[in-house]
Amino acid sequence: MEEKPKSAMEAFEKLEKVGEGTYGKVYRAREKATGKIVALKKTRLHEDEEGVPPTTLREVSLLRMLSRDPHVVKLMDVKQGQNKEGKTVLYLVFEYMDTDVKKYIRSFRQTGDNIPSGIVKSLMFQLCKGVAFCHGHGVLHRDLKPHNLLMDRKTMMLKIADLGLARAFTVPIKKYTHEILTLWYRAPEVLLGATHYSPAVDMWSVACIFAELVTNQAIFPGDSELQQLLHIFRLLGTPNEEIWPGVSQLVNWHEYPQWTAKPLSSAVPGLDENGLHLLGEMLHYEPSRRISAKKAMDHPYFDGLDKALL
Amino acid sequence: MAADFWTSSQFKQLLDPEELNVVHPLDKERGITAEDYKLIKFHISNYIVKLAQYIKVRQRVVATAITYMRRVYTRRSMTEYNPRLVAPTCLYLAAKAEESTVQARLLAFYIKKVQSDEKYRCEIKEILEMEMKILEALNYYLVVFHPYRSLTQLLQDAGMSDSTQQTWGLVNDTYKMDLILVHPPHLIALACIYIASVQKDKENTAWFEELRVDMNVVKNIAMEILDFYDSYKLMSDENRISAAMNKLP
């Protein structure tokens, strides 16, 4: 009938460890048959207890559906293998991307330069396009951040990765590795304990990434949930029932210091007027008022960008 | 998992009826026939439903589990993938995929309650090993679209909300056959609504016409379902089922 599939170890040669993902190590590897460079994401299975982690199943099945989009990382294959102890491990085989937006921003921060505005625009458009595709398929990412946006240095292509790692109604609180989960890109309704999520949570993250691409600095760098909220309130003003109906009903709502909104240009100097307008549309407190990824793609900020190439 | 059926792998993987019940060479050697395939899958679907009642999972999970099982046997033999083990494993996997995880330990416990036959017993380890084999057989495509999603809305639109329970039951029964591998889910939903309206003597022609779907297809699916009900007695004949099951290792 069918040819027996090659095991991951037979088919690939590991070249180096390139990262520690949420559920295991990531390697740069060479596919022996073709010489093609790929990224292998190794997933530990706690086999004694409950087999393949549901989060892995979710990621794989979502990627099986979504990875046809040019701005979603391409899952090429899934292979089963065994580790040294003879336990089953799962390898997700991804196309290899040589950097990510976090590293890319860092390289500019180190030299004190700004990312050219044309590149910011192009990256933002690709991000909106990828997010629009996911949302169009009923999938929320829930953990968008520069680290999860892979890039190709040569072509400046951007691809969304680490998809669907979060479960349906919760955002992961702790990571399985030593990496601390960042709060910087988390929407205020999530921080305030909203139980129902909408695509708007991803748009908030997109806005934070946008600002960071312009300034090389995180716009809301909180180190606790409260701190995170205060960072947001300090720039956008403390929300109230008037500007965000229902906010005081959210579980984590308390009385907060009262700040009035400052102009966005004070936090993101160097962004042009259209850019500031788009950023503002993405940072509305009330989730239903936040611009959608699809609408964002038509925003005047992107006028003049050659969208056909992206 | 919410998503769009038309761009899904399920849409692209829909099968022709001739592609179903093609007996795998390994099974042929054991004397298993296409008719046995139907009987075994029918019996195993019922087994999944019974297990699901004990562990209390949503109907969606049951439907997804049965779909996995039926997909597995379009690609793999029953000799190598023993249906008695495939059934609980598909339920286990579907529960995870639909985000209502069930412990393997619990499943192994309820298997003993549901089936007194020793042949159905399985160890947790066997379920976990079979899980990996099934994932490979399914090529890791785990998102399944079901008729349930459009059902309530369609019924409301047709002014048939009072037939919800009856139609829902019809949809449940479609999983005792291979319909979900052959037809888009919304057409299965419409076929069930069609049957319900005929049974209730409700005149719905105008409503169906407005939907701009191929009514011939809907009526054909409805006929398949009715044919299935006609053969139900024969299908659920214990002697025939155990004769088929006994051909398995």
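Key figures
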quantity	calculated
Helix B:83-97 vs. chain B, principal-axis angle (Cα, 0 to 90°, nearest 10)	60 degrees
Pairs of alpha carbons in the protein assembly as shown whose separation is greater than 41 Å (percent)	33 percent
Additional length obtainable on full extension of the chain from B:L14 to B:M215, 0.36 nm per residue less Cα span	70.5 nm
Least to most buried among A:S122, A:S224, B:S242 (fewest other Cβ within 10 Å first)	A:S224, B:S242, A:S122
Aspartates and glutamates with Cα under 15 Å of A:K294, excluding same-chain neighbours fewer than 8 positions away	A:D69, A:D202, A:E281, A:D303
Using alpha-carbon coordinates, inclination of helix B:59-75 to the longest axis of chain B, degrees	70 degrees
Shielding by partners, peptide B:104-110 (average Cβ within 10 angstrom, other chains)	1
MRE, 222 nm, helices only [DSSP H, n ≥ 4, -39500 (n - 2.57), over the protein assembly as shown, to nearest 500]	-14000 deg cm²/dmol
Sequence-distant lysines (8 or more away, or on other chains) whose Cα lies within less than 18 Å of B:K219	B:K200, B:K202
Ascending count of other beta-carbon atoms within 10 Å, so fewest first, for A:V52, B:V49	B:V49, A:V52
Calculated FRET value between A:E225 and A:Q249, using beta carbons and R₀ = 25 Å, to 0.05	0.90
Within region B:52-80, backbone nitrogen closer than 12 Å to the virtual label 7 Å beyond the Cα of B:K125 toward Cβ	none
Inter-centroid distance (Cα atoms) of region B:99-173 relative to region A:26-64, Å	25 Å
Inter-label distance for A:W259 and B:M223, nm, one decimal - labels placed 7 Å from Cα along Cα-to-Cβ	7.0 nm
Chain B shape via C-alpha gyration tensor axes, a/c threshold 1.5	prolate
Cross-link table A:K159/A:K262; A:K295/B:K96; B:K50/B:K96, entries beyond 30 Å C-alpha to C-alpha	A:K159/A:K262; A:K295/B:K96
Centre separation in Å (Cα based) which lies between region A:99-128 and region B:34-65	52 Å
Estimated dipole of region B:15-143 in Debye, rounded to 20 [Cβ of Lys and Arg +1, of Asp and Glu -1, Cα centre]	540 debye
Neighbour net charge for A:K129 - beta-carbon separation under 11 angstrom, K R +1, D E -1	+2
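Taken together, the values in this text are just the output of simple stated rules run on the coordinates, not laboratory data. Bear in mind the structure is a predicted one, so any value in this text is a computation, not a measurement. Reconstructed Cβ throughout: ideal geometry from the backbone, glycine too, with neighbour counts over all protein chains shown.
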